[in-house]
Amino acid sequence: MKWNKDYLDLALVPTGLLILFGYHLFLLYRCIRTPAETVIGFENHCKRAWVANMMQVDVVNRGSALSVISGYIDAATFMASTTLTLTSLIGTCVGSSSDYQLAISQFIDGDTRASVDLIKFISIVALFLLAFAAFLQCARSYVTANFLMSMPQADVPCAICRRSSYTG
């Protein structure tokens with residue numbers, strides 16, 4: 001049996017998915033068992049100390065904390081708009097080509113049948129939209145943290161602000 005370019009998808013897609021899921025299972029195991037030894041746990045520890053210190057500062061002097069959170073919000077919105085832009089470019093590329101096979105064959109290796117190409121593009125667009133939703137959730141959490149830290153004369157528990165900054 002001779003190797004055909006159409007078999008490329010059969011080899012690369014399962015291998016890539018296996019590596020992706022294996023890495024994320026390993027990362028989940030490390031975050032549950034030894035969170036202090038991961039970057040996520042270290043960052044959460046630093047955020048915990050930062051939020052606790054910023055909540056002890058007077059509301060008038062929390063400008064630096066609010067500007068840091070504002071920078072996080074700007075980054076999340078930029079990434080969300082970038083994912084929408086890439087999604088629209090992919091949709092435009094697929095939807096506006098008059099000679100479908102000629103336009104698509106420049107971008108795709110492996111099996112280039114129309115049904116397989118459609119599945120590939122739909123999955124890429126779905127993943128970009130999932131990333132968009134994640135970035136919106138991140139921005140929402142930081143807006144909540146910004147709101148809670150900027151409330152004057154409010155007895156906001158530090159744990160609520162900490163949770164908002166963790167989920168961001």
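Taken one residue at a time, the phi angles of the stretch 56-68 give Karplus couplings (6.51, -1.76, 1.60, θ = phi - 60°) of 7, 6, 4, 4, 5, 9, 8, x, 5, 5, 5, 6, 5 Hz. Gly and Pro are set to x. Here the ratio of the Cα radius of gyration of the chain to 2.2 N^0.38 Å is 1.45. Per residue, the accessible area of the chain comes to 68 Å² when a 1.4 Å probe rolls over the protein heavy atoms. Counted residue by residue at 0.36 nm each, then reduced by the alpha carbon distance between them, the extension gain from residue 137 to residue 49 reaches 29.4 nm.
Order 43, 37 by their accessible area, 1.4 angstrom probe, all chains in place, largest first.
Per-residue accessible area, sorted high to low, gives 37, 43.
Local charge for residue 54 was computed over the other residues whose Cβ lies under 13 Å away, with Lys and Arg +1 and Asp and Glu -1, and equals +3.
Within straight-line reach of residue 120, meaning a Cα separation under 19 Å, sit the following aspartates and glutamates at least 8 residues removed in sequence or on another chain: 6, 9, 99, 109, 111.
The values are calculated or read from the model by the stated rules, or taken from the named source; none is laboratory data. Not measured: the values here are computed from a predicted model. Here Cβ is always computed from backbone atoms with ideal geometry, including for glycine, and neighbour counts include all displayed protein chains. Protein only, heavy atoms only, side chains kept; ligands, DNA and RNA dropped before computing areas. Shrake-Rupley method; radii C 1.70, N 1.55, O 1.52, S 1.80 Å.
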